[in-house]
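The values are calculated or read from the model by the stated rules, or taken from the named source; none is laboratory data. Keep in mind that what you see is a predicted model, and the values were worked out from it rather than measured. Counting neighbours? That spans all protein chains shown, and the Cβs are built from the backbone with ideal geometry, glycine included. These accessible areas exclude ligands, DNA and RNA; they are computed on the full protein's heavy atoms, side chains included. Shrake-Rupley method; radii C 1.70, N 1.55, O 1.52, S 1.80 Å.
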Amino acid sequence: MTYDETIKITWVDPDVNYGGTPLIDYTVEEKDDVTFTWADAATGVTDTFALFTGKRLGVTYTYRIRSRNAYDWSLGYSNEVSILAARKPYQIA
């Protein structure tokens, strides 16, 4: 979801204990269509959503998520999702 300079992403907790150990938290990574560089956008996330403010209108942001259990980080990332920062849902600046 996007509104003004805020983007909210949600995901479903896999409800599976990877390696027999419950998940501890998530890291959300972000890249935009200006720099094309992945960076941590949120770390230590214990909910299944993240809210990002101060986004530039008209810029597309792409997100991916990793989970962590007591032993290590997941081997891969979630599917990527791209969101255009817009003033109102479904409306470009």
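Ala39 falls short on exactly one of the conditions (1) under 21 Å from Glu5 (Cα atoms); (2) open to solvent by 40 Å² or more (accessible area, probe 1.4 Å); (3) over 12 Å from the mean Cα position of the chain (by Cα); (4) not polar (S, T, N, Q), and that condition is (3).
Would you check if Tyr63 is surrounded by 13 or more Cβ atoms within 10 Å (Cβ to Cβ) and in a loop (DSSP other than H, G, I, E, B)? Judged against the criteria, Tyr63 is not a match. The set of residues in the stretch 12-37 being farther than 13 Å from Thr60 by Cα and modelled with pLDDT of 90 or more consists of Ile24, Asp25, Tyr26, Thr27, Val28, Glu29. For the stretch 18-36, residues that are over 17 Å from Glu5 (Cβ atoms), open to solvent by 70 Å² or more (accessible area, probe 1.4 Å) and either in contact (Cβ under 8 Å) with a residue 12 or more places away in the chain or not hydroxyl-bearing (Ser, Thr, Tyr) (or both) total 5. Consider the stretch 28-60 and keep the residues that are assigned to a strand (DSSP E or B) and of a type in the set (A, V, I, L, M). The one that is farthest from Trp11 (Cα to Cα) is Ala39. Just wondering, is there one or more residues in the stretch 74-88 that are surrounded by fewer than 17 Cβ atoms within 10 Å (Cβ to Cβ) and at pLDDT below 85? Yes, the conditions are met somewhere in the stretch 74-88.
Select from the stretch 2-11 the residues that are at negative phi and either exposed (fewer than 13 other Cβ atoms within 10 Å of the Cβ) or not in a strand (DSSP E or B) (or both) and write down the one among them that is modelled with the lowest pLDDT. Working first, answer last.
Let us first name the residues in the stretch 2-11 that are at negative phi, namely 2-3, 5-11.
Adding the requirement that they be either exposed (fewer than 13 other Cβ atoms within 10 Å of the Cβ) or not in a strand (DSSP E or B) (or both) leaves 5, 10-11.
Values: Glu5: 82, Thr10: 93, Trp11: 90.
Per the stated criteria, the residue is Glu5.
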